[in-house]
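Data block below; observations after.
The values are calculated or read from the model by the stated rules, or taken from the named source; none is laboratory data. Every value quoted in this text rests on a predicted model; they were computed, and no experiment measured them. In this analysis, Cβ positions are derived from the backbone assuming ideal geometry, glycine residues included, and neighbour counts consider all displayed protein chains.
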Amino acid sequence: MVEIKEIENISDFTPKRIKKYLFLWCSEGHVSIMVDNKHLTLSQHQVLTITSGQYHGFKNVHDGKGYLLSFTLDYICKTEKDIELIFQNSLFCHFDYNEIISINNPLEIERHLQKIEEELSNKPFQYLESIHSRIELLLFEVNRSKIENGGEIWKPEALFLRFLEFVRNNFENNYTLKDIALRLQTTELRLNELAKQHAGKTAQNVIYGLVVSEAQRKLQYEEKSIKVVAFDLGFRDPYYFSKFFKNHTKMSPTEFQNSLKN
């Protein structure tokens, strides 16, 4: 549901993916981490958010201090306003966009994280409700710093975010856009409107992009054959999967895997 760790106590450096959203705070020193295929380094008073389902693995934390906060979507998103908050301004972005954000008021971030650690340890009355509120305050501070530092305001609607989550949780079913619209109790037209508004492309092309990203993760981190990866993503024909992958990345799955070795 919700957990917190001090960075200096992290000892597992194996790349992993979990169904939680990660909030990484560096209060001192430097922290190096791989997120999917990106190598990122945080410095003092910087934040990195990692979306549920992305692979991550720490590379170097020996001089870094801070916190790694993780929470599930069902814990943090009680209302549509909660859903919109955690994805606002590209935080926890579904499109593999992991941004390091410098914080202008680090004492507030540190204070909330210390209090979350204390509440999880002591478990006072209504501690989960208290922590939920503190996570919201953390995200407010990050959004304020991002905007103050020149970042753009991006506030997607909850329906679009539910659409993204649905696709990412149902790759193996290979649902059509019509199927997805029915399950979300909306229309294909509405999903296309939201996709154009928030991503600048059709809803179908948003789906294709999410499938490609998931394929790249599986090909990079999971010891599975291309045939099994294709089936995991809802493709009945591995040849069609390879053709689809090359159309979107300009490389075959095998060429992509070989490029990682180099």
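Within the stretch 231-253, residues that are farther than 10 Å from residue 172 by Cα and free of Cβ contacts under 8 Å to residues at least 40 places away in the same chain have Cβ atoms under 6 Å from residues that are of a type in the set (D, E, K, R) and surrounded by 14 or more Cβ atoms within 10 Å (Cβ to Cβ) in these pairs: 238/227; 252/246, counting only partners at least 6 apart in sequence or on another chain. Restricting to the stretch 238-262, what's the tally of residues that are at pLDDT 95 or above and not in a helix (DSSP H, G or I)? Number of matching residues: 3. Remark: pairs (first residue in the stretch 141-161, without any contact (Cβ under 8 Å) to a residue 40 or more places away in the chain and over 29 Å from residue 192 (Cβ atoms); second residue among the aliphatic types (A, V, I, L, M) and in a helix (DSSP H, G or I); Cβ separation under 6 Å; 6+ apart in sequence or on different chains) = 141/109. Among residues that are surrounded by fewer than 20 Cβ atoms within 10 Å (Cβ to Cβ) and under 26 Å from residue 214 (Cα atoms), residue 84 is included.
Among residues of the stretch 14-25 that are closer than 22 Å to residue 103 by Cβ, those with a Cβ under 8 angstrom from a residue that is surrounded by fewer than 17 Cβ atoms within 10 Å (Cβ to Cβ), sequence gap 6+ or separate chain, pair up as 20/3; 20/72; 21/72; 25/110.
Yes/no per residue for (1) under 21 Å from the mean Cα position of the chain (by Cα); (2) within 30 Å of residue 103 (Cα to Cα):
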position	(1), (2)
164	yes, yes
179	no, no
219	yes, no
238	no, no
260	no, no
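Among the candidates 255, 193, the residue that is within 27 Å of residue 159 (Cα to Cα) and not aromatic (Phe, Trp, Tyr) is uniquely 193.
The test for being in the same structural domain as residue 244 (by TED's automatic domain parsing), at pLDDT 95 or above and buried (at least 17 other Cβ atoms within 10 Å of the Cβ) does not hold for residue 164.
Identification of helices (runs of 4 or more DSSP H) wholly contained in the stretch 32-132 with 2 or more residues that are polar (S, T, N, Q) and at pLDDT 95 or above yields 106-122.
Number of residues in the stretch 48-68 that are under 29 Å from residue 215 (Cβ atoms) and crowded, with 18+ Cβ neighbours inside 10 Å: the value is 11.
Picking from residues in the stretch 26-45 that are without any contact (Cβ under 8 Å) to a residue 60 or more places away in the chain, under 20 Å from residue 71 (Cβ atoms) and out of contact with any Lys or Arg (no Cβ under 7 Å at 6 or more places or on another chain), the one that is surrounded by the most Cβ atoms within 10 Å (Cβ to Cβ) is 31.
Within the stretch 100-129, the set of residues being hydroxyl-bearing (Ser, Thr, Tyr) and within 19 Å of residue 76 (Cβ to Cβ) comprises 127 only.
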